[in-house]
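In what follows, a structure is listed as structure tokens, so that the remarks can point back to it.
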Amino acid sequence: MFHVVLPTLETLFASDKPAGGRVVFDWRLIRRKRHPFLLLPVARVNVRVGLALYSAQRPLAKLWRACLPLLLRTPGAVGFEKVHFEASADSAILQFLAQQTGVPASRIQPSAIKFGGEIPGARLVLLLCDETQRPLCVVKAGLSAAGRAATDREADLLEKLPAGVIGCIRMTGRLKTATASAFATAYFPGVSPADDAGMENLFHAWLHPGPRALLASLESWRELAAHAAEADPAVWRLLNGALAEQPVRPTLYHGDFAPWNIRAVNSQNLQTFDWERGQLQGIPGWDWFHFFVQTAILAKRHSVERAAAEVEQLLESERFKTYAGAAGISDLVQPLLLAYLLHQKWVTKPLEGGRATAELFELLLARWYPAQSRPVVRAGPETIQHPGWAAGALSQLKSAGTQLSNLFWEPRLTAQVRLPMRAQGRQHWPLLLLAGLIFAGVAGVHYYSSTHLLFLPLYLVPCGLLTWKIDRRWGLPLAAAAAVVGPLIQGAKSADFHQPDVMLWNMAMRFLTLQLCVLFVAQIRQRKIRPHPAPELAAGKVARNWAVVLASGLLFLLVAAVDFVSNPHLVFMPLYLLPCMLLTLVLNRRWGLVAALAAALASSLVEYSTNPNYGLAEVLGWNGAMRLIIFLLVVLLLGRIRRGNILFFSRRH
């Protein structure tokens, strides 16, 4: 490990002067994927301050960063190698650090150091503090030839950034020696943004006020042309023809506008650093696209479909449409986004997420340009490999599980502004009163009716009404109340339903059913629907999803069997719904409707055969109708959500 760390430190602190006073530094080495990642000072206070260099994005990484200072106070700290180094107080870098902090070189405390760049030790980032351990500035240093060139290029750009513009940091000093190039900037507090709140202010400020320029004249476009024209000629001809001669307003371009390179004190105070890919004359929109794509793929680990949904949510937001109008790209947004993804694929070539970015490009290309044929490389008979039936079945089930989880996707990266519930209550009080009266009326009828009758669809009416007209924040708690009220009424009227296990189970089943319906109504209300080509014929889908059809049938039989042998007063409605939902999502609505009819019939027959109280004609007919209404409603809602939604779009279309 130290064959990288110690030579790097020797290069950083190299001095061409005779050895003078010595400054002693002690660090703990933190590794990442077996490579040096962080050098943290051994002092407890310095450790927590030094971790500001690590912008963790994923939940486990955030947990690890939060626990690391505690771990280093325990005997477990011996698991992290200790690095001891002595530097000359006369070295150029120490004198530069002293100049930036105002602390004499002989009294400088060890700085937290982050290893950056593709080659370990090529570039370093140092966090400097004053004598009270308050962070003051950040120094970026390049040591190898490539690292020094990248550092100089970034420093040159920072010198040219306009002063007083949001997001544009300024250098506080610069150093060039025979072994290193370095520059310093102020330290910015804050956190990495979780969404794009306030970013429209930054991107508007970055637009150049001067005349428009042709896209073909901008550096990023020339880079793309040099790579994509040969690597992907068919798509390049499509995008180049649509964009190259279009005039747009150039913008400051960061090049890696991602959460880990941004600090936000609030939505009006954003600062960006790591401008190593930056340009003064960039393509508008690309930095905003980059934030969404990189956050979805690298930080959130979303599937390609969810990343595409986040991107479409951005394009449909009024904030982005206003920016697009100001930048002159209102009619170019889709091809411009595809061009950005193509630039990532062939020019940037990120170390992580490259495959997912390429798949996102293919998905959006197929959705937005369905007539654009993609070249298919046909293998000879001797090279064709067919996966075994087990691997094929597992792939089908995994895909079905992904589609099922996509039902519960919510936009996370587009900042949402909603009225507070108190303001909504004042605005919609007549509707709230009406929903309350309906709810009370259903509960009253339920109380005075037969104990064995189902009233779940009627309880759903006020919940759906509030969700559709106001917000799901009103429908969800009312649905939770309905899930509890029904079993309580039954328990109050009959000792058979008063058993704790029966009441709790029925509350849970009703809760799941009602919450699903409210969530699906809310998704349709949000209008995440866009047109796309007609779906495939179901016959082809059945052949390709035989494992899902088989698993749905087996699940249906298993639920019916458990329902038959269980207490007849237990409700199994959401479990019967699951195969209906799977078939609707994977095949189409017709298969879901057939499954819904079968589920309503099977559950009614099981109920009829297990308890004579349910055999009465009025009870059997009423409960069968109530179940059928719920099952059909869920299938129809899913069909509506699925139609045109990119979360369920297949490139086979």
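The values are calculated or read from the model by the stated rules, or taken from the named source; none is laboratory data. Just so you know, these numbers come straight off a predicted model, no measurement behind them. Heads up, the Cβs are rebuilt from the backbone with ideal geometry, glycines too, and the neighbour counts pull from every protein chain shown.
Values for this structure:
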| item | result |
| --- | --- |
| Odd one out for Gln490, checked against (1) surrounded by fewer than 18 Cβ atoms within 10 Å (Cβ to Cβ); (2) touching a Ser or Thr at 6+ places or on another chain (Cβ under 6 Å) | (1) |
| Residue that is touching a residue at least 24 places away in the same chain (Cβ under 8 Å) and either exposed (fewer than 14 other Cβ atoms within 10 Å of the Cβ) or part of a helix (DSSP H, G or I) (or both), where the choices are Gln95, Gln57, Gln99 | Gln99 |
| The stretch 152-187: number of residues that are part of a loop (DSSP other than H, G, I, E, B) and small (Gly, Ala, Ser) | 4 |
| Scope the stretch 243-271; condition more than 20 Å from the chain's Cα centre (by Cα), among the hydrophobic types (A, V, I, L, M, F, W, C) and in a loop (DSSP other than H, G, I, E, B); matching residues | Ala244 |
| Subset tally (residues that are of a type in the set (Ser, Thr, Tyr) and either in a helix (DSSP H, G or I) or assigned by TED's automatic domain parsing to the domain that holds Glu318 (or both)) for the stretch 486-529 | 1 |
| Scope the stretch 307-317; condition farther than 15 Å from Asp195 by Cα and either of a type in the set (Lys, Arg) or crowded, with 21+ Cβ neighbours inside 10 Å (or both); matching residues | Ala308 |
| Sole residue being outside any helix (DSSP H, G or I) and either touching a Gly at 6+ places or on another chain (Cβ under 7 Å) or modelled with pLDDT of 95 or more (or both), chosen from Ile297, Ile329 | Ile329 |
| The listed residue being out of contact with any Lys or Arg (no Cβ under 6 Å at 6 or more places or on another chain), surrounded by fewer than 20 Cβ atoms within 10 Å (Cβ to Cβ) and charged (D, E, K, R), out of Glu131, Glu154 | Glu131 |
| Meets criteria (surrounded by fewer than 17 Cβ atoms within 10 Å (Cβ to Cβ) and small (Gly, Ala, Ser)) for Ser566 | yes |
| Count of the stretch 417-445 residues which are surrounded by 12 or more Cβ atoms within 10 Å (Cβ to Cβ) and not in a helix (DSSP H, G or I) | 2 |
| The one condition in (1) under 30 Å from Lys17 (Cα atoms); (2) buried (at least 18 other Cβ atoms within 10 Å of the Cβ) that Ala178 fails to fulfil | (2) |
| Near pairs, Cβ below 8 angstrom, 6+ apart or cross-chain, from the stretch 175-190 (among the hydroxyl-bearing types (Ser, Thr, Tyr)) to any residue that is in a loop (DSSP other than H, G, I, E, B) | Thr177/Ala14; Thr179/Ala14; Thr179/Leu143; Thr185/Ile169; Thr185/Arg170; Thr185/Phe273 |
| Unmet criterion (only one of (1) surrounded by fewer than 20 Cβ atoms within 10 Å (Cβ to Cβ); (2) out of contact with any Lys or Arg (no Cβ under 9 Å at 6 or more places or on another chain); (3) not basic (Lys, Arg)) for Gln294 | (1) |
| Residue pairs meeting the criteria (Cβ under 6 Å; at least 6 apart or on separate chains; first farther than 17 Å from Ile629 by Cα, in the stretch 502-527; second not in a helix (DSSP H, G or I)) | Val502/His569; Trp505/Leu570; Asn506/Val571 |
| Residues being touching a residue at least 60 places away in the same chain (Cβ under 8 Å) and touching an Asp or Glu at 6+ places or on another chain (Cβ under 9 Å) - total across the stretch 288-326 | 15 |
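Conditions (1) over 31 Å from the mean Cα position of the chain (by Cα); (2) farther than 22 Å from Thr348 by Cα; (3) of a type in the set (Gly, Ala, Ser); (4) assigned by TED's automatic domain parsing to the domain that holds Arg48, marked per residue:
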site: Leu157; (1), (2), (3), (4): no, no, no, yes
site: Pro162; (1), (2), (3), (4): yes, yes, no, yes
site: Ser181; (1), (2), (3), (4): yes, yes, yes, yes
site: Ala194; (1), (2), (3), (4): no, yes, yes, no
site: Ser217; (1), (2), (3), (4): yes, no, yes, no
site: Trp221; (1), (2), (3), (4): no, no, no, no
site: Ala231; (1), (2), (3), (4): no, no, yes, no
site: Arg237; (1), (2), (3), (4): yes, no, no, no
site: Asn240; (1), (2), (3), (4): no, no, no, no
